[in-house]
Amino acid sequence: MATDYCTPLDITQIEHNFAEINPAMSAAEAMQEANRCLYCYDAPCMHACPTHIDVPAFIKKIASGNVSGSARVIFDANPIGASCARVCPVEVLCEGACVEKTLINKPIEIGRLQRYATDHALKNGKQIFTKGEPNGKSVGIVGSGPAGLSCATYLARLGYDVTVYERREQAGGLDTYGMAEYKMSKSVSLSEVEHVERMGVRFVTNTEVVGKTKDEFDETPWKMIEFRHLISENDAVFLATGLGATNRLNIPGEGLDGVFDALDFIERVKTRDWRSVPLGRNVVVIGAGNTAIDAVTQAKRLGADKVTLMYRRSEKDAPAYDYEIELARKDGIEFLWQTVPVAVGGDERVSRIRVRQGEREFDIECDQVIKAIGQQKMASFFTDVLGIETDEKGRVVVNENLQTSDPKIFAGGDCSNGGKEAVDASQMGKLAAIGIHEVLTGSKVEFAGAVVRTPPKAPLDPNPH
């Protein structure tokens, strides 16, 4: 990579730019905010949370000074509650459903209160849950992201011997490697991994699970283990592999120096070795999902002179949340809607990108292009290598127990739901643990947030006029 692909800013300025956008609450702030809560019965916020955390209960414990008890309520329903407190789209989930959200009132800051409680537990070394009485059964988990961590936690609580396999050097999946640094430091995700590890869960990192090892893989920086060994050595296997590589643009010039995948770019930022992050002066990001927003905002905060987000559809069709797009606007990002990339140009290195708007084609000068157009499904690996069924979109097909077409293999998270939020993956990990336990033992078990009562319909207004 050319030496001028680096930030022009000094480290102090970068640290300021990457300060958390939702800072931690003080004890006084948390107490004051907790006392605003109405502690609703059949609380809408609880139903809006995919893991169905008992929000009124954890907030009430904060208000009463029982912060450790509050953390227990949260982690009971969501083992990655500290990460979700930072990266969840609370604006459209729990806080979006808050009854305090009116024209004159703001919703309870549920996300920041959740962070206050979970941080208190993790920073003080509180071991919320421990491994249950050993039951003599073992489960292998492929992938250590939100779904894998969640499933491992609940299985350990049930007494299973659990081993989690992770290709990367550190566990945590996208929470460790793929979230914008100003949203969450990787130390938060790693502290949750440590909490699960202290429950007796074994993490095998730098190890990829493959269909069959081959000689040409000998030079890879990680070890490999064949899937058949996991099947033979365990009573069940849970697939929490996430999604595959970034989709290709399939346009000329895609292989030029200066074209990057968004997730690779974000991962480099997560190292906090700012000078090693490849950064152009004039950056174009293709895509309009939340990953694209993370890429454009971080490129700008690293010091790029100009950052442009390009999307083939209109703004209203953009997958990113409205508040994420607004954040990018505040950072000075330029937007090109209904614009399609045609070719990347340059002599060995990017110098321009040709685009189409309607019937018109033109060039945009740039020295870096970042692709954020979604990730590939791993359908061929699942069907051809593992022999399990996928649907027409490449997602692993599962039943109500999250069991695949192979009765010994279960799946959850992005590989099964196609790519949702971390909190959705955490819930699937929980449900998978329940399903695995039922299939292996014939016993039903419930965990917090696995089953939630449907709230009653609102009573009719006796005086509608």
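Would you call I104 over 15 Å from A432 (Cβ atoms) and surrounded by 19 or more Cβ atoms within 10 Å (Cβ to Cβ)?
No.
When F335 is evaluated against the numbered criteria (1) of a type outside the set (A, V, I, L, M); (2) assigned to a helix (DSSP H, G or I); (3) under 26 Å from the mean Cα position of the chain (by Cα), which criterion, by number, is the only one it fails?
Of everything listed in (1) of a type outside the set (A, V, I, L, M); (2) assigned to a helix (DSSP H, G or I); (3) under 26 Å from the mean Cα position of the chain (by Cα), F335 misses just condition (2).
For F129, indicate whether it is in a helix (DSSP H, G or I) and surrounded by 15 or more Cβ atoms within 10 Å (Cβ to Cβ).
Working: in a helix (DSSP H, G or I): no; surrounded by 15 or more Cβ atoms within 10 Å (Cβ to Cβ): yes.
So F129 fails the test.
Is it the case that A19 is surrounded by fewer than 20 Cβ atoms within 10 Å (Cβ to Cβ) and in contact (Cβ under 8 Å) with a residue 60 or more places away in the chain? Working first, answer last.
On the way: surrounded by fewer than 20 Cβ atoms within 10 Å (Cβ to Cβ): yes; in contact (Cβ under 8 Å) with a residue 60 or more places away in the chain: yes.
When the stated conditions are applied, A19 passes them.
Considering the range 338-360 alone, what residues qualify as being assigned to a loop (DSSP other than H, G, I, E, B), in contact with a Lys or Arg (Cβ under 8 Å, 6 or more places away or on another chain) and touching a residue at least 40 places away in the same chain (Cβ under 8 Å)? Even if it seems obvious, please write down each step before you answer.
To start, the set of residues in the range 338-360 that are assigned to a loop (DSSP other than H, G, I, E, B) comprises 338-339, 346-348, 350-351, 358-359.
With the extra rule that they be in contact with a Lys or Arg (Cβ under 8 Å, 6 or more places away or on another chain), the set shrinks to 338-339, 346.
Residue satisfying the conditions is G346 alone.
Those residues that are free of Cβ contacts under 8 Å to residues at least 24 places away in the same chain and within 25 Å of the chain's Cα centre (by Cα), I need them from the range 421-449; list them, please. Even if it seems obvious, please write down each step before you answer.
First, pick out the residues of the range 421-449 that are free of Cβ contacts under 8 Å to residues at least 24 places away in the same chain: 442-444, 446.
Selection gives E446 alone.
Of the conditions (1) crowded, with 23+ Cβ neighbours inside 10 Å; (2) out of contact with any Phe, Trp or Tyr (no Cβ under 9 Å at 6 or more places or on another chain), G148 satisfies every one except a single condition; which number is it?
Here G148 meets the rest and fails (2).
What pairs come out if I take residues in the range 293-305 that are under 14 Å from K270 (Cα atoms) and pair them with residues that are assigned to a loop (DSSP other than H, G, I, E, B) and among the charged types (D, E, K, R) whose C-beta lies under 6 Å away, six or more apart or interchain?
T297/D331
Taking Y165, is it more than 13 Å from A432 (Cα to Cα), surrounded by fewer than 23 Cβ atoms within 10 Å (Cβ to Cβ), touching a residue at least 40 places away in the same chain (Cβ under 8 Å) and in the same structural domain as H229 (by TED's automatic domain parsing)? Reasoning before the result, please.
On the way: more than 13 Å from A432 (Cα to Cα): yes; surrounded by fewer than 23 Cβ atoms within 10 Å (Cβ to Cβ): no; touching a residue at least 40 places away in the same chain (Cβ under 8 Å): yes; in the same structural domain as H229 (by TED's automatic domain parsing): yes.
So Y165 does not fit the description; no.
Going through R86, R36 one at a time, which residue ends up being surrounded by fewer than 20 Cβ atoms within 10 Å (Cβ to Cβ) and of a type in the set (K, R)? Let's see the steps before the verdict.
On the way: R86 fails: surrounded by fewer than 20 Cβ atoms within 10 Å (Cβ to Cβ).
Every option except R36 fails the conditions.
The values are calculated or read from the model by the stated rules, or taken from the named source; none is laboratory data. Note that the coordinates shown come from a computational prediction; the quantities given were computed from them, not determined experimentally. Positions of Cβ are backbone-derived with ideal geometry, glycine not excepted, and every protein chain shown enters the neighbour counts.
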